[in-house]
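Enquirer: First, the structure itself, so that you have it in front of you.
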Amino acid sequence: MLRIALDMDDVLADTHGKLVKIILKDFDTSLTEKDLNGASLRSLLHPKQYKKVVGVLNAPGFFRDIPVMKDAVEVVRELSGYYEIFVASAAMEFRNSLIDKFDWLDEHFPFIHWKNRVLCGDKSILKAHYLIDDHVFNLANFSGKGILFNAPHNLEDTRFDRVMNWKEVGERFLGNSRDRV
Ligand SMILES: [Mg+2]
């Protein structure tokens, strides 16, 4: 069975969307929602404000209530009938994210067994046929085929096959098999 590794932030979870809401509400900024969705937050925000973003990411609970990306649950459930699905998320940068991510997966993806959850540091350790991720640096270090999930911080990249949303992931990996299920 082919193995697909799925990233969490900005792939399964709309982490950028949650950050944008917080920035618009709590930060002193003239940037609009459209601005914040048009490039990476690091490139858009003043270094002091970006530091504040890092503080938000470090706060206990931040990763616990992130909205699920549209269609992700349905497509991942379908994929798991045809592929071996792993969740692979870099969780070591923000210590509180570990337990939040575990609980988040239990809530939204209870059908993904704990043995298929890899909360890791550097993703080059992964061994899978595919990795779906929003960060080019993760795909560049991956030994299998990297698929780039569209995100404001990767709009310029042309090195990897790009998917715009979960519907496209379903079409790419399930194709006509969807008619049979
Ligand atoms: Mg990510």
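The values are calculated or read from the model by the stated rules, or taken from the named source; none is laboratory data. Nothing here was measured: the structure is a model prediction, and the numbers come from that model. Methodologically, a virtual Cβ is constructed for each residue, glycine included, from the backbone with ideal geometry; neighbour enumeration extends over all protein chains shown.
Enquirer: Checking the condition more than 12 Å from the ligand (Cβ to nearest atom), surrounded by fewer than 16 Cβ atoms within 10 Å (Cβ to Cβ) and either without any contact (Cβ under 8 Å) to a residue 24 or more places away in the chain or closer than 13 Å to LEU12 by Cα (or both), which residue from ASP122, ASP106 passes?
Expert: None of the other options fit; the residue is ASP106.
Enquirer: Here's a follow-up. Is there a residue in segment 67-77 that is out of contact with any Gly (no Cβ under 9 Å at 6 or more places or on another chain) and either at pLDDT below 95 or assigned to a loop (DSSP other than H, G, I, E, B) (or both)?
Expert: Within segment 67-77 (the criterion being out of contact with any Gly (no Cβ under 9 Å at 6 or more places or on another chain) and either at pLDDT below 95 or assigned to a loop (DSSP other than H, G, I, E, B) (or both)), the answer is yes, since at least one residue qualifies.
Enquirer: LYS52 passes all but one of (1) away from the ligand (no atom under 16 Å from the Cβ); (2) exposed (fewer than 14 other Cβ atoms within 10 Å of the Cβ); (3) not assigned by TED's automatic domain parsing to the domain that holds HIS153; which number fails?
Expert: (2)
Enquirer: Would you say PHE86 is more than 16 Å from the ligand (Cβ to nearest atom) and at pLDDT 95 or above?
Expert: For PHE86, the condition - more than 16 Å from the ligand (Cβ to nearest atom) and at pLDDT 95 or above - is not met.
Enquirer: Does segment 125-139 hold any residues that are surrounded by 14 or more Cβ atoms within 10 Å (Cβ to Cβ), away from the ligand (no atom under 14 Å from the Cβ) and hydrophobic (A, V, I, L, M, F, W, C), and which are they?
Expert: First, pick out the residues of segment 125-139 that are surrounded by 14 or more Cβ atoms within 10 Å (Cβ to Cβ): 126, 128-136, 138-139.
Add one more test, that the residue is away from the ligand (no atom under 14 Å from the Cβ), and what stays is 128-130.
Answer for segment 125-139, where residues must be surrounded by 14 or more Cβ atoms within 10 Å (Cβ to Cβ), away from the ligand (no atom under 14 Å from the Cβ) and hydrophobic (A, V, I, L, M, F, W, C): just ALA128.
Enquirer: Are any residues in segment 38-66 under 18 Å from the mean Cα position of the chain (by Cα) and in a loop (DSSP other than H, G, I, E, B), and if so, which ones?
Expert: Within segment 38-66, GLY38, ALA39, SER40, GLY61, PHE62, PHE63, ARG64, ASP65, ILE66 meet the criteria.
Enquirer: Could you go through segment 88-99 and let me know if any residue there is part of a helix (DSSP H, G or I) and over 16 Å from the mean Cα position of the chain (by Cα).
Expert: Looking through segment 88-99, at least one residue is part of a helix (DSSP H, G or I) and over 16 Å from the mean Cα position of the chain (by Cα).
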